[in-house]
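The values are calculated or read from the model by the stated rules, or taken from the named source; none is laboratory data. Owing to the predicted nature of the structure, the values given are computational and were not obtained by experimental measurement. In this analysis, Cβ positions are derived from the backbone assuming ideal geometry, glycine residues included, and neighbour counts consider all displayed protein chains. Ligands, DNA and RNA are excluded from the accessible area calculation, which covers all protein heavy atoms including side chains. Shrake-Rupley method; radii C 1.70, N 1.55, O 1.52, S 1.80 Å.
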Amino acid sequence: MDITPIFELRNQLRAAAIAGANLISENFRLKKSVDAFEPLKAASPVFGKIYELSASLVSGDCEDTAGTLLDTITLVDSVVCTLASSAVPGTVEELPITEFSAVITNAPYSELSALIDALTSSGSGKYELVSNTRTDRPELFNDYRAKPALVKGLGASYSELAVLAAKILEDMGEGVVSLLKKDFDPKGKKEMVRRVNVIENVCGASENAFYLEQLENAEKDVRKALIYALRHDEANIDKLAELTKTEKGKVKTAALSALANFDCEKSAAFFDEYMKKKPLEVVKIMENVSSKWASELTVRLIDSLLIDDKGNRITFSQAGDFRNIKLKEKTGFPELNSALWGKWGPEVEKIYREFDNKNSARQMSGRLGDTIIVTKNESLKALAIEMNSRIHKGNYDYAEAVARFMSAEDLTDWLTKKVAELKRQTLTDPKAVNKSDFARVLRMITFKNGGYVLTTQHWDEMAEMWRDISVPVSHPIKQLADIIIKHPNEYYNTTLLGWLDPNDREFCDKIGQFYVDQFMKNPQFYLNLFSLIRRTGLKNVKGLARTFFEFQTLPQYALHTFFKMLPGDNEYRLAEAREVIGLARKGKIKAKFDIDELSAWAEAEFNL
């Protein structure tokens with residue numbers, strides 16, 4: 001049992017006695033300590049009595065506050081005195097690696113209970129709590145009690161929460177696999193499907209025996225997930241070929257998709273024959289395949305389907321006018337375009353070069369850019385730059401930007417021109433940056449695991465999830481940030497946040513100051529900008545509160561939130577509040593609030 005809450009309660013009770021019993025009902029710190037102690041009330045009768053007395057103190061309905069406070073302190077002190085400590089001889093040794101993780105964290109239950117509840121129960125606000133914990137307190141997930149809750153969270157009815165739980169588990173690596181395999185039910189539902197997804201994303205072929213073992217009794221979606229997981233080991237090729245004959249529906253498609261992932265002659269020959277019978281099935285399967293044989297097959301497949309509903313041969317460019325032109329087969333340009341994902345070679349490049357339908361050019365640019373990330377193909381990089389500079393200027397911004405960030409050239413001049421050009425466009429279209437494919441690529445760059453990467457997402461139909469695909473960016477991103485800083489824009493704020501290197505304090509402070517400068521010019525959007533400043537680690541910037549209240553005022557109900565959000569420590573927040581209060585008393589700022597109330601609250605809240 002974690003007895004930390006009783007020590008915290010004792011500290012807060014003593015602080016309340018010093019502050020005075022008449023203020024106790026407004027003491028939020030004491031209330032938090034009482035709430036944290038509540039789970040212990042059932043541990044023993046004396047703990048129950050402590051909770052009863054302390055709860056009455058903070059309720060505001062206590063008839064004899066001073067007497068009850070003294071009784072509670074006396075009882076708590078008595079209990080603390082009886083709590084013994086013990087020791088054993090010997091040297092301290094490192095804890096062994098458990099089946100759950102290489103790291104063991106024993107967090108106070110008062111900190112952990114809300115997280116566990118969010119992962120194991122339904123209701124609103126659960127996703128935000130787990131997401132914020134992942135950002136602010138990631139170490140809590142290493143607690144041995146949090147891991148089973150994360151596994152249970154894979155079955156959450158709110159799909160975004162389940163996906164987040166899966167990502168957190170994947171980040172933990174192979175240490176959680178034994179927990180995911182424990183009590184696995186091959187006839188289960190969504191939680192079991194996501195268990196398979198996490199295991200195969202972390203372990204790949206090394207858990208092939210598990211996939212095959214569970215497949216014997218698996219049903220429905222779990223069966224589909226297990227069959228798709230067989231794509232990691234080429235030894236499964238004959239079994240998958242057999243499964244394409246015995247399975248039906250989505251489960252059969254999973255077997256076909258797994259089989260198509262093998263870059264070998266056997267898979268190539270299989271689909272060369274299968275395409276003749278079921279071309280539309282193969283079109284869908286090619287959306288997730290990247291190999292030489294798949295590239296060659298896709299070109300032939302697209303060519304065979306370019307026949308309109310009147311029986312006329314058409315070009316791929318004509319098919320791009322898909323709202324007016326219908327194909328003979330029940331497919332269309334979006335599906336054929338998706339099949340080009342991950343494909344390369346002279347014939348593929350020919351399709352891009354000959355495509356001249358401006359209405360669909362951006363879709364082709366997106367497909368080309370993502371394919372460059374997947375394949376790292378040098379010829380496709382050159383093609384993207386050629387397409388945007390010579391053939392379809394501006395329509396292939398996305399593909400060109402991806403290609404340039406994956407090349408070895410100096411991007412300073414190119415980036416300077418692109419950012420300045422976007423700045424000019426905002427004069428007539430304020431949302432030009434938000435709409436820009438070039439700016440979208442900038443946001444795809446993030447600092448991760450000690451370096452910068454360019455990341456795109458690809459929808460895996462079989463796994464029913466978005467997969468991140470990343471490539472290293474070798475350019476001096478921090479120098480390129482200077483170019484963006486010269487042209488402030490709300491869209492760039494989020495971009496630069498992704499470029500933060502937590503190990504480079506000077507760079508983080510520079511980006512933080514960039515946000516501060518925006519606030520000083522227009523403090524209206526303080527909620528967002530304070531959050532951005534805080535995430536850079538920059539704090540205690542003098543004058544933020546004064547600047548805001550010289551610009552506008554706030555109603556009483558919003559004052560406390562404003563000062564709590566100031567990016568800094570309590571000493572700083574108190575100084576900022578005192579400055580505003582002083583200006584308000586002198587009439588130098590408009591104060592549509594109770595100055596005395598703000599003063600009393602700030603002194604109690606921050607003057608620790």
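³J(HN,Hα) across region 187-197 via Karplus (A = 6.51, B = -1.76, C = 1.60, θ = phi - 60°), whole Hz, x for Gly/Pro?
Going residue by residue, I get 10, x, 10, 4, 4, 5, 4, 5, 4, 4, 4 Hz, with x marking Gly and Pro.
Counting pairs of Cα atoms in the chain, how many percent are more than 47 Å apart?
Summing the P(r) of the chain above 47 Å gives 33 percent of all pairs.
How much area per residue is accessible in the chain when the probe is 1.4 Å and only protein heavy atoms are counted (Å²)?
Using a 1.4 Å probe on heavy atoms only, each residue of the chain averages 51 Å².
Given the pairs Lys376/Lys417; Lys330/Lys376; Lys266/Lys343, which are separated by over 27 angstrom at their Cα positions?
Lys330/Lys376
Using only alpha carbon pairs under 8 Å that are at least six residues apart, calculate the relative contact order of region 245-400 and give it in whole percent.
Normalised by residue count, the contact order of region 245-400 is 19 percent.
I'm a student and want to see the number: the projected area of the Cα convex hull of region 476-608, averaged over all directions, in nm².
8.3 nm²
Using the Karplus curve 6.51 cos²θ - 1.76 cosθ + 1.60 with θ = phi - 60°, what ³J(HN,Hα) values do you get for each residue of region 483-500, in whole Hz, with x for Gly and Pro?
Running phi through 6.51 cos²θ - 1.76 cosθ + 1.60 with θ = phi - 60° gives 5, 5, 4, 6, 10, x, 7, 4, 5, 5, 4, 5, 4, 5, 4, x, 8, 5 Hz.
How much of the accessible area of the chain, in percent, comes from carbon and sulfur atoms when a 1.4 Å probe is used?
50 percent
Of the cross-linked pairs Lys423/Lys521; Lys418/Lys521; Lys277/Lys350; Lys328/Lys393, which ones have a Cα-Cα span greater than 29 Å in the structure shown?
Lys328/Lys393
Would you please give the FRET efficiency between Thr74 and Ala114, computed as 1/(1 + (r/R0)^6) with r the Cβ-Cβ distance and R0 = 35 Å, to the nearest 0.05?
Calculated value: 0.65.
What is the calculated FRET efficiency for Glu216 to Lys182, with r their C-beta to C-beta distance and R₀ = 25 Å, to the nearest 0.05?
Between Glu216 and Lys182 the formula returns 0.85.
Cα centroid distance between region 285-355 and region 482-548, in Å?
46 Å
I need to check one value: relative contact order of region 499-585, counting alpha carbon pairs closer than 8 Å and at least 6 residues apart, in percent.
28 percent
Indicate, rounded to the nearest 5 percent, the antiparallel portion of the DSSP beta bridges found entirely in the chain.
95 percent
On a C-alpha basis, how far is the centre of region 368-431 from the centre of region 181-249 in Å? Whole number, if you could?
Between the Cα centre of region 368-431 and that of region 181-249, the gap is 40 Å.
Which lysines have a Cα less than 28 Å from the Cα of Lys41, not counting those fewer than 8 places away in the same chain?
Correct list for Lys41: Lys31, Lys32, Lys49, Lys126, Lys147, Lys152.
How far apart, in nm, are the 7 Å Cα→Cβ label points at Phe525 and Lys32?
For the pair Phe525/Lys32, the computed spacing is 3.0 nm.
Using just the helices of the chain, give the 222 nm mean residue ellipticity in deg cm²/dmol: DSSP H runs with n ≥ 4 each add -39,500 (n - 2.57), and the total is spread over all residues, rounded to 500.
-18000 deg cm²/dmol
For Lys278, go through the aspartates and glutamates and keep the ones whose alpha-carbon is under 16 Å away, minus same-chain ones fewer than eight residues off.
Glu247, Glu287, Asp303, Glu329, Glu335
Using θ = phi - 60° and the Karplus curve 6.51 cos²θ - 1.76 cosθ + 1.60, what whole-Hz ³J(HN,Hα) does each residue of region 584-600 get, with Gly and Pro shown as x?
Computed from phi, the couplings for region 584-600 are 5, 5, 7, x, 7, 9, 6, 10, 8, 8, 7, 4, 5, 5, 4, 4, 5 Hz.
Using only alpha carbon pairs under 8 Å that are at least six residues apart, calculate the relative contact order of the chain and give it in whole percent.
5 percent
Cα gyration tensor of region 152-246, axes a ≥ b ≥ c as square roots of the eigenvalues: rounded (a/c below 1.5), prolate (a/b > b/c) or oblate?
Verdict is prolate for region 152-246.
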